[in-house]
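Trainee: Questions regarding the structure given below will be posed in turn.
The values are calculated or read from the model by the stated rules, or taken from the named source; none is laboratory data. Quick caveat: nothing in here was measured; it's all calculated off a predicted structure. Virtual Cβ from ideal backbone geometry, glycine too; neighbours counted across all protein chains shown. Surface areas here come from the heavy atoms of the whole protein model, side chains and all, with no ligands, DNA or RNA. Shrake-Rupley method; radii C 1.70, N 1.55, O 1.52, S 1.80 Å.
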Amino acid sequence: MDKRERVLKTLEIEEPDMVPITEIDIEVPLIEAIVGERFPAATSLQTPIVADRDLERKRSDLRLKCYRRVGFDAITVDLSPPEGWKPKENPNGTVIDLWGRVLMLDTQSKAWVPYGTIFNTPEDFDDFEFPDPNALGWTFAIEYTKRMVREEMAIAAFIRDPFAHAWEIFTPVKFVTWMYQKPAFIKKAIEKLTDFNTEMIKHIAEAGAEFIICGGDYCEEKGPMVPIKYFRDVVFPNLKRQVDEAHRRDLKFIKHTDGNVNPLLEDLARMVDGLHSLDPTAGVDIGEVKAKYGNRLILMGNVAVDSLAKKSRSEVISETKACIRKASRGGGHILSSSNSWSAGAKLENCMAMVKTGRRYGVYPIRI
């Protein structure tokens, strides 16, 4: 069974020949260490900073080389900037991206990270020229990667969850303030971002992706970031709109969130096809989730990112084996970390996770 077939069978919650392995992201310093080459440009939260297609090809080539060298079964690809897009550069070295976020370059991770926002009032957002989902170029990297991998690996398109995207755009403080003071405005912003995503999902399907990973946190360590009632009244109806559009396009939809997602599991299991992270450091036991929802949810995770950064190689091996033992039987499990391979992770630990997955993730699972 080849890598793509392995992933597609897993997405149907069936047992392939072995547990597929991937990461939703690998930060630049680790990519450089794995392939022994300099990465051509910094990354960002959702899209590259500028629509430079030659640069983006080089960026995509190096990511693909990294995923191949590690031996992953799927590769996650971000959206690209629309044709002609250039960010506004500020005197202090920050940039304003196409969503109005102010970003600063983190020299350690070589990634653009949140610094602020251009939106000081809700009226600022109302006057903002919102990105056009039907502009040319959004799926450039997906299309390019598809041509490069053909049937070799499965391709997951990464999109931003509207709830998380809204608090990233406005900053968490403004988001929460306006959520209580101007709830109709925040609801409208989430709906507008959902409109963008549902339209983008059509283009993602046409570009050749096999499934979608929707990134952006709903929870922190103690539980959901806002009251559960708000999720049910505002967030989940918009999540369902995206899932429904993905299903119309024959795409599986996996939701990522860090934190303690336990209070939201029953609601999410009725909507999405799968969950990523299943954060063990926040009290999420992947074995308990498997036992309760394994017949309807694809589980993607959940070797703790803290373990990859701080623990020994032997401890990571033990944790990976436990993850396979708890989650892999019956299929529907994609082995990964509980978030991504961050710049602070030990490369030997990351590779130990993969090697252990290949050794013990062969069906039928016997550990």
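Trainee: How large, in percent, is the carbon and sulfur part of the accessible surface of the chain at a probe radius of 1.4 Å?
Mentor: Accessible surface attributable to carbon and sulfur in the chain totals 49 percent.
Trainee: Find me the longest stretch of the chain that has none of the exposed trypsin sites (Lys or Arg not before Pro), where exposed means in a DSSP loop (not H, G, I, E or B) with at most 13 other Cβ atoms within 10 Å.
Mentor: In short, 39-149.
Trainee: What's the longest uninterrupted piece of the chain once you rule out the GluC sites (Glu not before Pro) that are loop residues per DSSP with at most 10 other Cβ within 10 Å?
Mentor: 152-367
Trainee: For a quick check: with amide H placed at 1.01 Å from N, whose amide H comes under 5 Å from G137's, ignoring anything fewer than 5 positions away on the same chain?
Mentor: E83
Trainee: To continue, here is another question. log₁₀ I(q)/I(0) of region 99-142 at q = 0.15, 0.27, 0.31, 0.33 Å⁻¹, via Debye over equal Cα point scatterers, no solvent, to two decimals?
Mentor: -0.60, -0.92, -0.98, -1.03
Trainee: Would you tally the net charge around I186, using a Cβ to Cβ cut-off of less than 12 Å, leaving I186 out, and scoring K and R as +1, D and E as -1?
Mentor: +3
Trainee: Build a GNM of the chain with springs between Cα atoms under 10 Å: which of H333, H276, H247 gets the top mean-square fluctuation?
Mentor: The residue that fluctuates most here is H247.
Trainee: When 1/r is averaged over all different Cα pairs and the result inverted, which Kirkwood radius in Å belongs to the chain?
Mentor: This gives a value of 20.7 Å.
Trainee: Calculate the dipole size of region 188-339 relative to its Cα centre from +1 charges on Lys and Arg beta carbons and -1 charges on Asp and Glu beta carbons; express the result in debye to the nearest 20.
Mentor: 380 debye
Trainee: Which three lengths, in whole Å and largest first, does region 253-322 cover when its Cα atoms are put on their principal axes?
Mentor: Principal-axis extents of region 253-322 (Cα, largest first): 38, 20, 19 Å.
Trainee: Can you list residues whose amide H is under 5 Å from T117's amide H, if they're 5+ apart or on another chain and H is modeled 1.01 Å from N?
Mentor: It is V102, by chain and number.
Trainee: What residues have an amide H closer than 5 Å to that of G332, excluding those fewer than 5 places away on the same chain, when H is modeled at 1.01 Å from N in the peptide plane?
Mentor: For G332, the qualifying residues are I13, E14.
Trainee: Also, quick follow-up: Quick one: net charge around E220, please, counting Lys, Arg +1 and Asp, Glu -1 for every other residue with C-beta under 12 Å from its C-beta.
Mentor: With Lys, Arg at +1 and Asp, Glu at -1, the neighbours total -3.
Trainee: Something else now. Highest GNM mean-square fluctuation, the chain, Cα pairs closer than 10 Å: which of D106, D285, D25?
Mentor: D106
Trainee: Restricted to Cα positions, what overall size does region 184-266 have along the principal axes? Three whole-Å values, descending.
Mentor: 39, 27, 17
Trainee: Could you sort out which of K240/K292; K86/K174; K174/K222 sit more than 23 Å apart by Cα distance in this structure?
Mentor: Over 23 Å Cα-Cα: K86/K174.
Trainee: Greater than 22 Å separation of Cα atoms is the criterion. Which listed pairs, K65/K252; K188/K229; K229/K252, meet it?
Mentor: As for pairs spanning more than 22 Å Cα to Cα, those are K65/K252; K229/K252.
Trainee: If the only charges are +1 at each Lys and Arg Cβ and -1 at each Asp and Glu Cβ, what is the size of the charge dipole of the chain around the Cα centre, to the nearest 20 debye?
Mentor: The calculation lands at about 1140 debye.
Trainee: Over the Cα atoms of region 8-93, how large are the radius of gyration and the largest Cα-Cα distance (Dmax), in Å?
Mentor: Cα radius of gyration and Dmax of region 8-93 are 15.8, 54 Å respectively.
Trainee: Dipole of region 67-178 (Lys/Arg Cβ +1, Asp/Glu Cβ -1, origin at the Cα centre): which of M148, T117, L79 lies farthest to the positive side?
Mentor: The Cα lying farthest towards the positive end belongs to M148.
Trainee: Continuing with this model, one more query. Rank S312, S80, S342 by mean-square fluctuation in a GNM of the chain with C-alpha springs under 10 angstrom and give only the top-ranked residue.
Mentor: Of S312, S80, S342, the Gaussian network model singles out S312 as fluctuating most.
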